[in-house]
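The values are calculated or read from the model by the stated rules, or taken from the named source; none is laboratory data. Worth saying up front: this structure is predicted, and the values here are computed from it rather than measured. Cβ atoms come from the backbone with ideal geometry, glycine included; neighbour counts cover every protein chain shown. Each accessible area value is taken on the protein alone, full model and side chains, heavy atoms only, with ligands, DNA and RNA left out. Shrake-Rupley method; radii C 1.70, N 1.55, O 1.52, S 1.80 Å.
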Amino acid sequence: MTEEKKAECVLRLFGVPDAAVKEAAGGFSPQWKAEARWKSRGAETLVALSAQNPAGLKKAAQALREKFSADLYGAGETTLAEAAVQELERHDRLLICSDAAAGTLLEARLETIAGAERVFDFGALSYAHPKTGAKIEQQAAAHLPADTTDPVRRALAKAQAARRVVGCDLAAGCAEREGDCVLVLSCKKGCWLRTVPLADRPALWLLDMIRRAACDLPQAAGTGFLPARKAARTAQPEAAPPARRPRRARRVLVVLLVLAVLAALCTAGAWVYTGGNFYALPQRLRSLWADGLPHSGAVLL
């Protein structure tokens, strides 16, 4: 009697912590008779599923697909670069790079992918083109102070300028710093930004950001987003804060306001006391004062 062969498959995730995978695998129904084994390398996780029968395997795989709908990029031997190209082509998105640093990250991984030339320009229409590249630099500089040295602000401005100049859907940029880099992905609605250590394979992070943006999926935890207006203001010189009034002047204004209120109350009281005849007020006050003084024949108690 031969032993029945188990049903197996491999799912690929990106940007999911091990604890989340462990929790999802622990939630498998006993009726599925399925188990999961996984291995992570950086932010990429491969999950090997096995079950006693195809029906149980299908249910376990579906459970992971629903749990990690934005993080699951493929199955079997699919690479993240292939998944990014597939989503760009499926959703008719054009991707470019706004600087050479982003081009270095993407071009080597996409040049061997079939169909990549239909969704990615490999720099030919953007930063590497003599006229277009100069125009991108010019428009980015117009939105920055002349003495700007912050690489993140420069990358942000160039990504936005490149997308406008070329007229593409997505523009990728990269601000290189010591020990890490800031990845920038510009779209019509704004810009995504993510800081990645150089040892954490920034190219894969950028490919995952592109894949998610192409099909309007949420970005991985830790990826920030700047709406278009805020991103434009971030790339521009910051306006000087409005001058504040000195506190001493504020105190004087408060005192004057209190005195004005007291004067108004006194005026209202005098109006009522004199019946509206202010000319009679001095005489009334003198008579009131005289009534309060001792007079002849008065007995002091």
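Structural remarks
- Average accessible area per residue (Å²) across the range 97-232 - probe 1.4 Å, nucleic acids and ligands excluded: 46 Å²
- Backbone phi angles across the range 131-143, fed through the Karplus curve with coefficients 6.51, -1.76 and 1.60 (θ = phi - 60°), yield HN-Hα couplings of 6, 5, x, 5, 5, 4, 4, 5, 5, 5, 5, 5, 9 Hz in residue order; Gly and Pro are listed as x.
- Karplus-based coupling profile of the range 43-57, in residue order and whole Hz: 8, 9, 10, 9, 10, 9, 9, 9, 8, 5, 8, x, 5, x, 5, with θ = phi - 60° in 6.51 cos²θ - 1.76 cosθ + 1.60 and x standing for Gly or Pro.
- Between the range 165-221 and the range 1-70, the alpha-carbon center distance in angstrom: 28 Å
- Extension gain, LEU253 back to LYS188 (0.36 nm per residue minus Cα-Cα distance, nm): 18.6 nm
- In sequence order, calculated HN-Hα J values of the range 32-38 (Karplus, 6.51, -1.76, 1.60; Hz; x Gly/Pro): 6, 6, 10, 9, 10, 10, 9
- Across LYS67/LYS158; LYS135/LYS188; LYS135/LYS230; LYS131/LYS189; LYS6/LYS39; LYS131/LYS188, pairs whose alpha-carbon gap is larger than 31 Å: LYS67/LYS158
- Cβ-derived FRET efficiency at R0 22 Å, LYS22 paired with GLN52, nearest 0.05: 0.55
- Spin-label pair LYS39-ASP216: with each label point 7 Å from Cα along the Cα-Cβ axis, the two points sit 3.8 nm from one another.
- Seen through its C-alpha gyration tensor, with square-root eigenvalues sorted a ≥ b ≥ c, the range 1-103 comes out prolate because a/c lies at 1.5 or above while a/b is bigger than b/c.
- Surface composition of the range 86-217: carbon plus sulfur atoms hold 50% of the accessible area, using a 1.4 angstrom probe and ignoring ligands, DNA and RNA.
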